[in-house]
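Each remark here refers to the structure printed beneath this line.
The values are calculated or read from the model by the stated rules, or taken from the named source; none is laboratory data. What you see is a predicted model, and the numbers here were worked out from it, not measured in a lab. With ideal geometry, Cβ positions are generated from the backbone for all residues, glycine too; neighbour counts draw on all protein chains shown. We work out accessible area using only protein heavy atoms, side chains counted, and drop any ligands, DNA or RNA first. Shrake-Rupley method; radii C 1.70, N 1.55, O 1.52, S 1.80 Å.
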Number of protein chains: 2
Amino acid sequence: MTHKVETSWNGNMRFDAMVSGHKVSMDALPEVGGENSGPRPKELMLASLAGCTGMDVISILRKMKVEVESFNISVEADLTEEHPKHYSKMHVTYLFKGNNLDVEKLKKAVDLSQDKYCGVSAAYRKAMQLSYEIKIVE
Amino acid sequence: MTHKVETSWNGNMRFDAMVSGHKVSMDALPEVGGENSGPRPKELMLASLAGCTGMDVISILRKMKVEVESFNISVEADLTEEHPKHYSKMHVTYLFKGNNLDVEKLKKAVDLSQDKYCGVSAAYRKAMQLSYEIKIVE
């Protein structure tokens, strides 16, 4: 299967991409000629990872009949010092909130996403160090 | 340097990420429990690449005093058949439109981005095959 994204330049540093039929704008900061009208493109890599693994986890939890009150994903990434400045390391923190959550089931859902289903994790793991942890708030 | 993106689950398959201070929503298609209220997370990888290299190219062209009328970037990616379904190959097409464009300068700007500046390309190149071409419309 092939995916395609068309992106157009809209003056200064502004680029608009059509992603699965939705417009995603990207822009740079004023100090490098942009107007900060959208996110930095490189940082979208972190959102891509969070959304991919998040959708896996929430689907698996639904099948396991595990209900969470809230679910947040934090992705932190280290950038190399030298050009081309790229991410050399990412760490994902899965934060679940709920009553009497079954830790083993949460762990299983996250492991399944990271090991078996999440294609963004699979690609990034070939390019950098990728680690993750689970935190639970009752 | 460290970048951080916080993403929260907002029911069904909807996830909202805060990327450089801008909300980026992601969602799945109705057939897998979503409402298609935002792009698929994996496809954001393609927008990230287009925006990253696009900003490099337009900055370099500005320094070279090359003016383009329009600039579009198309990214096509092949997905593996097996889980975890990830991109094994990407191809970037840079499409420039303008009068009397200097092909060598356009080529130089694109090569500089791909070889030296674009951190998204640098990361993806470690994980998959990455190729690119330039097209010019007068």
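For chain A, set up a GNM with springs between Cα atoms under 10 Å and report which of A:104, A:31, A:76 has the largest fluctuation. Evaluated over chain A, the most mobile residue of the options is A:31.
Among B:92, B:68, B:32, the largest mean-square fluctuation in a Gaussian network model of chain B, built with springs joining Cα atoms closer than 10 Å, belongs to B:32. Among the protein heavy atoms, those of residue A:91 account for about 50 Å² of accessible surface (1.4 Å probe, every chain in place). Per-residue 3J(HN,Hα) values for the range A:113-127, derived from phi via the Karplus relation 6.51 cos²θ - 1.76 cosθ + 1.60 with θ = phi - 60°, read 4, 5, 8, 10, 10, 7, x, 6, 4, 4, 5, 4, 4, 6, 9 Hz in sequence order (x marks Gly and Pro).
Taking 0.36 nm per residue of sequence separation and removing the Cα-Cα distance, the residue B:78/residue B:134 pair yields an extension gain of 18.2 nm. In this structure, residue B:126 and residue B:25 have a Cβ-Cβ separation that, at R0 = 41 Å, corresponds to a calculated FRET efficiency of about 0.90. Annotation: residue B:125 carries an accessible surface of approximately 90 Å², with a 1.4 Å probe and no ligand, DNA or RNA atoms counted. Based on Cα atoms of the protein assembly as shown, Rg over Rh with Rh as the Kirkwood radius reads 0.99. Among A:113, B:131, B:20, the order of accessible area from largest down is B:131, B:20, A:113, computed with a 1.4 Å probe on protein heavy atoms. What's the average, rounded to a whole number, of partner chain beta-carbon atoms within 10 Å of each residue's beta-carbon in B:114-120? For this peptide, the per-residue mean of nearby foreign Cβ atoms is 5.
Other residues with beta-carbon under 9 Å from the beta-carbon of residue A:5 carry, at +1 per Lys or Arg and -1 per Asp or Glu, a net charge of -2. Around residue B:34, with a cut-off of 11 angstrom between Cβ atoms, what is the net charge of the other residues, counting Lys and Arg +1 and Asp and Glu -1? Combined, the nearby Lys, Arg, Asp and Glu give -1.
Here is how far apart the residue B:69 label points are across copies: 6.0 nm, shortest first, using a point 7 Å from Cα toward Cβ. With a 10 Å cut-off around each Cβ of A:59-69, the average count of Cβ atoms from other chains is 1.
Residue by residue through B:126-134, how many Cβ atoms from other chains fall within 10 Å of the Cβ on average?
Working: counts 6, 7, 3, 0, 0, 0, 0, 0, 0.
The shielding value for this peptide is 2.
Chain B holds its axis-closest Cβ, relative to the rotation onto A, at the residue and whole-Å distance B:127, 2. Heavy-atom surface analysis with a 1.4 Å probe gives the protein assembly as shown a carbon and sulfur content of 49 percent of its accessible area. Each 10 Å bin, from zero up to the one with the longest distance, holds this percent of the alpha carbon pairs of chain B: 11, 33, 32, 19, 5, 0. Relative to one another, the C-alpha centroids of the range A:1-77 and the range B:1-56 are positioned 2 Å apart. Residues whose amide H comes within less than 5 Å of that of residue B:37, counting only those at least five positions distant or on another chain, are B:28 (H built at 1.01 Å from N in the peptide plane). Each Lys or Arg adds one and each Asp or Glu takes one away; over the other residues whose Cβ falls under 13 Å from the Cβ of residue B:114, this sums to 0. Over chain A, Cα pairs under 8 Å with separation of 6+ residues give a relative contact order of 19 percent. Each copy carries residue A:21; placing its label point 7 Å along the C-beta direction from Cα gives inter-copy distances of 3.3 nm, listed from smallest up. With label points defined 7 Å past Cα in the direction of Cβ, position residue B:4 shows copy-to-copy spacings of 4.0 nm, given to one decimal and shortest first.
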